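K.L.:
I'd like to ask you about the structure that follows.
Bear in mind that the values in this text are calculations on the coordinates, not laboratory data. What you see is a predicted model; the values in this text were computed from it and never measured. Methodologically, a virtual Cβ is constructed for each residue, glycine included, from the backbone with ideal geometry; neighbour enumeration extends over all protein chains shown.
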Amino acid sequence: MAELDDALSLSARDKIYRAVVKNPGLHFRELQRRTELATGSLQYHLDYLARRHLVKSVKQGKFVRYYSVRGEQFGEDETLMNLLRQDSLRKIVLFLLTRKSATNLAIAAAVGLSPSTVSWHLSKLVGNNIVGVRKRVRKKYFYLANPEKVMQLLRGYKKSFLDELVDHFVEIWDSMEP
Amino acid sequence: MSFWDFLRPITQTAWEINLAAESLAMLLSLGILVISLLAYRKTKSKRLLLVSAAFLFFAIKWILKVADQIISPGFFFSRASEAVAELIILALLFYAIFKK
């Protein structure tokens, strides 16, 4: 505990750590916006916290997401939570929740994405053991490996309509960054 | 038939629905103000604080314009005042876009 207090004696570091504990899975830019720290400073403090085993980073596609090691733990659900934060993947998972299994084409038609995009997303989900695949008469059927866990996480991360509006508003201003 | 003759029915219709249009604009501006304030509360970003300030001026402008139509004896909110309000709004939005 003394080690934790020592590591968080700087207010900037404490701010970063609290943001990571409160919002597990934030990526660098979002963390920067919330802490209002310069890029170099944030990177330095994150590296420091990682060296002290207080924060860990997980590379997910083009994003590096940060989690607290000691704080609120998501354990094996961490990967699933990361994926559920991405709109397209969440749509696919939500669709699979309503079916026992479905083909790539059926999923693509339901979520409004091209079959190749869905195939790419499915490979990520299969690779992380979130979605299983079985072959039947030369067709691949995809299904959720653990629908109960998905439902549990989705309930925890459900956004209200107002949250969606506010998030879209923030995204619009983020996209105008000089 | 000149171009202006073609526009006349449109401006006439706009004049007839002026109060409703201004009231709707006022409600929408208040809605955007609330969303921008919630976005600021969520992110604590100075850029969004500037955006919220811009939408605050925007909402005030529309409240005054509607009040002008309903409760003030004449035209309290002149075109000059509107121009100043819009200048402030645009300056805040412009600054918010370029602020890092």
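K.L.:
Within a 10 angstrom radius of the beta carbon, how do A:Val118, B:Val51 rank from fewest other beta carbons to most? Don't skip to the end; give the middle numbers.
P.N.:
Working: A:Val118 25, B:Val51 29.
Listed from fewest to most nearby Cβ atoms, that is A:Val118, B:Val51.
K.L.:
For each of A:Asp87, A:Asp167, count neighbouring Cβ atoms within 10 Å of the residue's Cβ, then give the residues from fewest to most.
P.N.:
Ascending number of Cβ neighbours within 10 Å: A:Asp87, A:Asp167.
K.L.:
What is the order of A:Arg65, A:Arg138, B:Arg79, fewest Cβ neighbours within 10 Å to most? Please report the intermediate quantities before stating the final value.
P.N.:
Numbers: A:Arg65 22, A:Arg138 5, B:Arg79 8.
Result, fewest neighbours first: A:Arg138, B:Arg79, A:Arg65.
K.L.:
Answer rounded, prolate or oblate for the protein assembly as shown, using the Cα gyration tensor with square roots of eigenvalues a ≥ b ≥ c: rounded when a/c is under 1.5, else prolate when a/b is larger than b/c, else oblate. Don't jump to the answer; show the numbers that get you there.
P.N.:
On the way: a/c = 3.04, a/b = 1.50, b/c = 2.03.
Judged from the Cα gyration tensor, the protein assembly as shown comes out oblate (a/c at least 1.5, b/c at or above a/b).
K.L.:
Could you name the lysines in cross-link range of A:Lys91, using Cα to Cα under 26 Å and dropping any fewer than eight places away on the same chain?
P.N.:
A:Lys22, A:Lys59, A:Lys62, A:Lys100, A:Lys124, A:Lys135, A:Lys139, A:Lys140, A:Lys149, A:Lys158, A:Lys159, B:Lys42
K.L.:
Per residue of B:36-48, how many C-beta atoms from partner chains lie within 10 Å of its own C-beta, taken as a mean? Mind showing how you got there, number by number?
P.N.:
Numbers: counts 4, 1, 6, 9, 3, 1, 7, 10, 4, 7, 2, 6, 6.
Counting Cβ atoms of other protein chains within 10 Å of each residue's Cβ and averaging gives 5.
K.L.:
OK, next. Rg to Rh for segment A:19-152: what is it, with Cα atoms only and Rh by Kirkwood?
P.N.:
Ratio of gyration radius to Kirkwood radius for segment A:19-152: 1.06.
K.L.:
Further, regarding this structure: Helix hunt in chain B: which complete DSSP H runs extend at least 27 Å axially by C-alpha with mean Kyte-Doolittle at least 1.6?
P.N.:
Taking the DSSP H segments of chain B (at least 27 Å long, mean hydropathy at least 1.6), we get B:79-98.
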